[in-house]
Every structure is written in C-alpha cells, then in structure tokens.
Amino acid sequence: MQIIPTSAQLFTCFILSYWATKMYLPIYIIRIDEPTGGVFFLAGEETEILINRNGLWKLL
C-alpha cells in the first residue's frame, strides 16, 4: 500500500526545506516512514526531523 503525505506534512516540509537552505544546509533525504506515516527529513550532517501526520515536527 502506498502512503501519501498529508497537506499539513507537505506544507511543513516546504517550510523546513526553506529554513534548511537559508542556513546553507544540504537536504540529503526526505522519505515517508511507512509504519507511522511520518515524513523523515535529513538536512546537514545531523539534523534529523520527523513530521507527524498532523504536520507537527520534532527533532530526533
């Protein structure tokens, strides 16, 4: 089954991408975590973020 990100996740991912590139951090990966439906975001060497289905994010 294919999991599609929610509109809240897409908006949050766009904002986080903007912040990361504004700080000159490369974005290495953006991937959906299939068991939870969250979006995993890796920017720079150690900035790992998980975006929940409701669009809220947290640093890992």
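Annotation for the stretch 22-29: at least one member residue is modelled with pLDDT of 95 or more, under 12 Å from the mean Cα position of the chain (by Cα) and either of a type in the set (Val, Ile, Thr) or assigned to a helix (DSSP H, G or I) (or both). Could you say whether any residue in the stretch 33-53 is loosely packed, with under 15 Cβ neighbours inside 10 Å, among the charged types (D, E, K, R), part of a helix (DSSP H, G or I) and at pLDDT 95 or above? No, that holds for no residue. Taken over the stretch 34-55, the criterion of being on the phi < 0 side of the Ramachandran plot and under 10 Å from the mean Cα position of the chain (by Cα) is satisfied by GLY38, VAL39, PHE40, PHE41, LEU42, ALA43, GLU48, ILE49, LEU50, ILE51, ASN52. Contact annotation: residue pairs with Cβ atoms under 8 Å, 6 or more positions apart or on different chains, pairing a residue in the stretch 1-15 that is in a helix (DSSP H, G or I) with a partner that is surrounded by 13 or more Cβ atoms within 10 Å (Cβ to Cβ) and of a type in the set (D, E, K, R), are ALA8/ARG53; GLN9/ARG53.
Residue under question is GLY44, and the condition is that it be touching a residue at least 12 places away in the same chain (Cβ under 8 Å) and either in contact with a helix residue (DSSP H, G or I) (Cβ under 8 Å, 6 or more places away or on another chain) or among the β-branched types (Val, Ile, Thr) (or both); does it hold?
Numbers: touching a residue at least 12 places away in the same chain (Cβ under 8 Å): yes; either in contact with a helix residue (DSSP H, G or I) (Cβ under 8 Å, 6 or more places away or on another chain) or among the β-branched types (Val, Ile, Thr) (or both): yes.
Criteria met by GLY44.
The values are calculated or read from the model by the stated rules, or taken from the named source; none is laboratory data. As the structure is a prediction and not an experimental result, all values here were calculated from the model. Ideal geometry is used to build each Cβ from the backbone, glycine not excepted, and the neighbour counts take in all protein chains shown.
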